[in-house]
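The values are calculated or read from the model by the stated rules, or taken from the named source; none is laboratory data. Treat the numbers as computed from the prediction; the structure is a model and nothing was measured. Note: ideal-geometry Cβ built from the backbone for every residue, glycine included; neighbour counts use all protein chains shown. Heads up: the accessible areas ignore ligands, DNA and RNA and are worked out on the full protein's heavy atoms, side chains in. Shrake-Rupley method; radii C 1.70, N 1.55, O 1.52, S 1.80 Å.
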Amino acid sequence: MRPIRLPEPPSPTIGVPEIFEGGAYSVIRRAVIIGNGYPGSENQSIGLVRALGLYDKHVLYRVTRPRGGINEWLLWLPVSLHQKLDYLIQLIQIYSRGRNYVPLPLENGGGSVGLASVLEADVKQIVTMARQTFEKDGPLLVVASGRDTISVASSIRRLASENVFVIQIQHPRSQLNRFDLVITPRHDFYPLTPQAQEQVPQFLHRWITPREPPDGHVILTLGALHQIDSATLRSTAAAWHDEFAPLPKPLLVVNIGWPTSHCRYGADLAKQLTAYLLNILSSCGTVRISFSSRTPEKVSKIIVKEFADNPKVYIWDGQEPNPHMGHLAWADAFVVTADSVSLISEACSTGKPVYVMGPERCKWKLSDFHKSLRERGVVRPFTGSEDIAESWSYPPLNDMAEAASQVREALAERGWRVRP
């Protein structure tokens, strides 16, 4: 198999314009990440901070929603209102049981959401820190990702615009000027295309977002941001060497996500995927299968039943350590279900063959994402007729490095730079 040239991690230093030569506090030396507890969102923010050279100087805060029970039906509410409503529901439940104590708010929404050591995002606290430490430590970079973080990130910028640079990852749907930069995939603007407009009745157009095309402070990517680059893959390959090096080649990694509103599937896809894998099994040395924590049981059961006793196939049981990074470093090819932009983007950053299962089931902007990938030649549909031993390659997706470069340019326009 031909060696693949992976994208190098972005250099933390660039030429320093004259504007920076005398600036006492024009250098960004630390970052705050506003997360929502979901790895797919938080990894994007962490990846960008890492690409900018601030990984060892960041603090993670989280905006957390109540989970479980009726809360799963209230995700459409603004986070602050959802939290207050949940507190009220708890009070009603307690007093209805004749108890005389008040429930205390749990850090990060309780043990089911993230690490207890991660701070709950507090706008006033972050704004105060940015203001009070500005002269000594310079501006504060704030990076947020996900719908639930929008109000926190925009409030920080509104209250401390002279002391912070706020980046929102994933499209906030409206009022992009609430942020210094927005980084989002091109397919988020699919609703503005003629094809999309034809799919929606005219009277609904005013309710579809986004309503305006990207302006100068929007950075467009093909896929999702992540933490994968050549340096990460090299270090990961070394860390997982003892487990993966002895495996028979070629190694096929199968990543299975979960159905979404834009990519629906169930047991039918699981049966089809199982049949396809059986067809190509003879061309594989090893197959390793991973499910998402949100993969429906009806999907995973079908696949586990078929392959649990196959000596060529290893199925990750969900226990730590998670082999995902090892899979990215050591796999010779990937099969990924079409629902996950993040999993597909990570696989496409390796330059190795990526086969997508079920892209024909996707609609709306996710269908546009797959169309763009096919046009770039970075993915192929999984048909069950592939010879995994026959490799093919492409220039790896390098969204992270390109986004980091544009962030530096935007900072330079403001007279700021990231620490060398």
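Here are the numbers for the structure shown:
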{"quantity": "Qualifying aspartates and glutamates (Cα of each under 19 Å from Cα of residue 136; at least 8 residues distant if same chain)", "calculated": "21, 56, 162"}
{"quantity": "Label-point separation, residue 204 to residue 234 (7 Å along Cα→Cβ), nm", "calculated": "5.0 nm"}
{"quantity": "Cα-derived Rg over Rh, computed across region 230-396 with Rh taken as Kirkwood radius", "calculated": "0.93"}
{"quantity": "Nonlocal amide H pairs with residue 59, under 5 Å, H built at 1.01 Å", "calculated": "31, 32, 33"}
{"quantity": "Distance (nanometres) between label positions extended 7 Å along Cα→Cβ at residue 320 and residue 414", "calculated": "3.5 nm"}
{"quantity": "Backbone N under 18 Å from the residue 260 label point (7 Å along Cα→Cβ), restricted to region 205-226", "calculated": "209-210, 220-226"}
{"quantity": "Computed magnitude of the charge dipole of region 230-396 (debye, nearest 20; Cβ of K, R +1, Cβ of D, E -1)", "calculated": "480 debye"}
{"quantity": "Probe 1.4 Å - accessible area at residue 348, Å² to nearest ten", "calculated": "0 Å²"}
{"quantity": "Within region 109-210, GluC sites (Glu not before Pro) in DSSP loop having at most 12 other beta-carbon neighbours inside 10 Å", "calculated": "162"}
